[in-house]
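First up is the structure itself, then whatever we jot down about it.
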Amino acid sequence: MPASPKSRHLAKLAAEAALDKLATDVTLIDVSSRFPLSDMFVIASAANHRQVKAVCEGIEKALSVEGVKPLNREGQSDSHWILLDYEEIVVHVQLAEDRDYYSIERLWKDCPIEVVNG
């Protein structure tokens, strides 16, 4: 079963907010058929620690307008990889070199993937 319309909407809003803060390689992965805890992953790269934080803040602000707040936020202390858990969607904002190293897309390669361009 594909991700719900609400999940897709929130993922698109998060992706647009990430692009507004100059994130790169923004990708949506529909994990609904493989991961029972969430429908979509949003993955974005940032050039430095400050930008990782700024991208996350932009996403949180955009989704708060929709009345949605993260259930959990992980990785704030070192800002290499911040994870925002919104239940329906999970947002990963990573330094570009960490994203290359961990390669989340490779782990979910059997799921529908959409690259979002600004």
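Specify the residue that is farthest from residue 13 (Cα to Cα); the eligible residues are those in region 83-94 that are touching a residue at least 12 places away in the same chain (Cβ under 8 Å) and touching a strand residue (DSSP E or B) at 6+ places or on another chain (Cβ under 6 Å).
For region 83-94, the residue satisfying everything is 94.
For residues in region 1-17 being touching a Ser or Thr at 6+ places or on another chain (Cβ under 9 Å) and loosely packed, with under 15 Cβ neighbours inside 10 Å, which is modelled with the lowest pLDDT?
In this case the residue turns out to be 1.
Each row is one residue, and each column tells you yes or no for (1) without any contact (Cβ under 8 Å) to a residue 24 or more places away in the chain; (2) among the basic types (Lys, Arg).
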{"position": "19", "(1), (2)": "no, no"}
{"position": "28", "(1), (2)": "no, no"}
{"position": "34", "(1), (2)": "no, yes"}
{"position": "54", "(1), (2)": "no, no"}
{"position": "66", "(1), (2)": "no, no"}
{"position": "77", "(1), (2)": "yes, no"}
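Can you confirm whether residue 77 is among the small types (Gly, Ala, Ser), over 24 Å from residue 3 (Cα atoms) and surrounded by fewer than 17 Cβ atoms within 10 Å (Cβ to Cβ)?
Considered against the rule, which asks whether it is among the small types (Gly, Ala, Ser), over 24 Å from residue 3 (Cα atoms) and surrounded by fewer than 17 Cβ atoms within 10 Å (Cβ to Cβ), residue 77 comes out as yes.
Go through region 32-59 and give me each residue that's more than 21 Å from residue 4 (Cβ to Cβ), surrounded by 12 or more Cβ atoms within 10 Å (Cβ to Cβ) and not basic (Lys, Arg).
The answer is 44, 45, 46, 47, 49, 51, 52, 54, 55, 56, 57, 58.
Is it true that residue 86 is in contact with a Leu (Cβ under 7 Å, 6 or more places away or on another chain) and on the phi < 0 side of the Ramachandran plot?
Answer is yes for this residue.
Those residues that are modelled with pLDDT under 95 and of a type in the set (Ser, Thr, Tyr), I need them from region 33-65; list them, please.
Scanning region 33-65 gives 33, 38.
The values are calculated or read from the model by the stated rules, or taken from the named source; none is laboratory data. Predicted, not measured: the structure shown is a model, and the values here were computed from it. Neighbour counts are summed over all protein chains in view; Cβ atoms, including those assigned to glycine, are modelled from backbone coordinates with ideal geometry.
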